[in-house]
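The structure appears right after this line, and notes come after that.
The values are calculated or read from the model by the stated rules, or taken from the named source; none is laboratory data. Source: prediction; values computed, not measured. Please note: Cβ atoms are built from the backbone with ideal geometry, for glycine as well, and neighbour counts cover all protein chains shown. All accessible areas refer to the heavy atoms of the entire protein, side chains included, with ligands and DNA or RNA removed. Shrake-Rupley method; radii C 1.70, N 1.55, O 1.52, S 1.80 Å.
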Amino acid sequence: QVQLVESGGGSVQAGGSLRLSCLASGGTLSNYDMGWFRQAPGKEREFVAVISWNGDRTYYADSVKGRFTISRHNAKNTVYLQMSSLKPEDTAVYYCAAGLVDGIKVGHYQYWGQGTQATVSS
């Protein structure tokens, strides 16, 4: 059973940056593709980015492409999401997830963290 814990959220002004981290325990991170999702109040959870198990493939939602970067350090059992040029519409709870398919749907992932809040003010 893999446990995931996100950190790094906070409050920033538009144009600022945040770096989210996701630490895995109870399993070997390199066995999994890793995704980041987000959920704003009153909205469904949506895909943000995904990285393959060895880091050689990444894919981003159009809304964050060019502004966010996903990366991983398997030896540290950690996945990162570097968020730059943040906009108020990026405000959401951000979740990391582990799965055996590097997909873009919630159902592709078996393990989820508890989320970390990122708030961007205008």
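Measuring nothing but protein heavy atoms, the accessible surface of the chain at 1.4 Å probe radius is 49 percent carbon and sulfur. Amide H contacts for Lys87 (H built 1.01 Å from N in the peptide plane; partners 5 or more residues away or on another chain; cut-off under 5 Å): Gly15. Loop-resident trypsin sites (Lys or Arg not before Pro) (DSSP state other than H, G, I, E or B) in the stretch 48-122 with no more than 14 further Cβ atoms inside 10 Å of their Cβ: Arg57, Lys65, Lys105. With 0.36 nm allotted per residue and the present C-alpha distance subtracted, the Lys76-Thr119 stretch has 12.8 nm of extension available. The lysine pair count for the chain, using Cα distances under 24 Å and pairs eight or more places apart or on different chains, is 6.
A simple packing score, the average count of other Cβ atoms within 10 Å per residue, orders the peptides 108-116, 33-41 as 33-41, 108-116, with the highest score first.
What is the Cα convex hull volume of the chain when expressed per residue in Å³? It comes to 89 Å³ per residue, whole-number rounded. Across the chain, C-alpha contacts under 8 Å between residues 6 or more apart give a mean separation that, scaled by the residue count, equals a relative contact order of 36 percent. Which distance in nm do the two modelled labels at Gln13 and Ser85 give, with both placed 7 Å along the Cα-to-Cβ direction? If labels sit at Gln13 and Ser85, their model points lie 1.9 nm apart. Excluding ligands, DNA and RNA, the accessible surface per residue across the chain is 50 Å² with a 1.4 Å probe.
Model label points for Asn54 and Ile104, set 7 angstrom from Cα along the Cα-to-Cβ axis, are 2.5 nm apart.
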